[in-house]
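Chemist: Below is one structure. I have some questions about it.
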């Protein structure tokens, strides 16, 4: 069986959309944020005052998209900006106490989603699929880099 004969792209797209929709609903209920906003909060929380371009790079998004999310998260009181100690022209991002609480509130919904994935694939196959998707993403990024050059 090939990717074409199995309609792999279509099945992957439908599954990803359904998974994101379910996760967005669960996170909105738990913390009032989307999965994309949760990703921004998680990256900022794990970093030492990252800047928006760093967050955008880790998410593979345009900086303008991250700017919109950061502004929304700041309006919600979940993120704050502070002048960078490393570069006076730049702003570092920091999670507020409310942002840390939101991150804590999304742990249970994400645990349920991860359990659904594990129960569907089994833990070993889930790890294998995740590794293969990472390789696919890397190849697509490399290919895009060659096209942009």
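Nothing in this text is a laboratory measurement; each read-out follows from the coordinates by a stated rule. In this text, all values refer to a predicted model and were calculated from it rather than measured experimentally. Here Cβ is always computed from backbone atoms with ideal geometry, including for glycine, and neighbour counts include all displayed protein chains.
Chemist: Taking Cα atoms, how many degrees apart are the long axis of helix 123-148 and the longest axis of the chain, rounded to 10 and kept between 0 and 90?
Modeler: Here the helix axis deviates by roughly 70 degrees.
Chemist: Springs between alpha-carbon pairs under 10 angstrom, Gaussian network model over the chain: which of 63, 138, 112 fluctuates most?
Modeler: Highest fluctuation among the options: 138.
Chemist: While we're on this one: Build a GNM of the chain with springs between Cα atoms under 10 Å: which of 95, 66, 14 gets the top mean-square fluctuation?
Modeler: 14
Chemist: Please check: in the Gaussian network model of the chain (C-alpha springs, under 10 Å), which one of 76, 116, 12 has the largest mean-square fluctuation.
Modeler: Evaluated over the chain, the most mobile residue of the options is 12.
Chemist: Over the chain, consider all pairs of different Cα atoms and compute the Kirkwood hydrodynamic radius from their mean reciprocal separation; express it in Å, one decimal.
Modeler: Roughly 17.3 Å, rounded to one decimal.
Chemist: Just from its helices, what would the mean residue ellipticity at 222 nm be for the chain, if runs of 4 or more DSSP H residues each count -39500 (n - 2.57) and the sum is divided by every residue, rounded to the nearest 500 deg cm²/dmol?
Modeler: My calculation for the chain gives -23500 deg cm²/dmol from helical runs alone.
Chemist: Under a crude label model (7 Å from the Cα following the beta-carbon direction), how far is residue 114 from residue 81 in nanometres?
Modeler: If labels sit at residue 114 and residue 81, their model points lie 3.2 nm apart.
Chemist: Tell me the volume per residue, in Å³, of the convex hull enclosing the alpha carbons of segment 54-111.
Modeler: Looking at segment 54-111, the number lands at 107 Å³ per residue.
Chemist: Continuing with this model, one more query. How many angstrom lie between the C-alpha centres of segment 75-149 and segment 1-48?
Modeler: 10 Å
Chemist: Using 1/(1 + (r/R0)^6) with R0 = 41 angstrom and r between the beta carbons of residue 13 and residue 45, what's the FRET efficiency to the nearest 0.05?
Modeler: The formula returns an efficiency of 0.90 here.
Chemist: Continuing with this model, one more query. Using Cα atoms only, what is the angle between the long axis of helix 35-46 and the major principal axis of the chain, expressed in degrees (0 to 90) to the nearest 10?
Modeler: Helix 35-46 sits roughly 60 degrees off the main axis of the chain.
Chemist: Let me ask something else about it. For segment 107-149, what does the equivalent ellipsoid look like in terms of its semi-axes, each the square root of 5 times an eigenvalue of the Cα gyration tensor, given largest first in whole Å?
Modeler: 30, 13, 5
Chemist: With axes computed from alpha carbons, what is the tilt in degrees of helix 63-75 against the longest principal axis of the chain, rounded to the nearest 10 within 0 to 90?
Modeler: Once rounded, the angle reads 60 degrees.
Chemist: Over the Cα atoms of segment 1-47, how large are the radius of gyration and the largest Cα-Cα distance (Dmax), in Å?
Modeler: For segment 1-47, the Cα radius of gyration and maximum Cα-Cα distance read 14.9, 43 Å.
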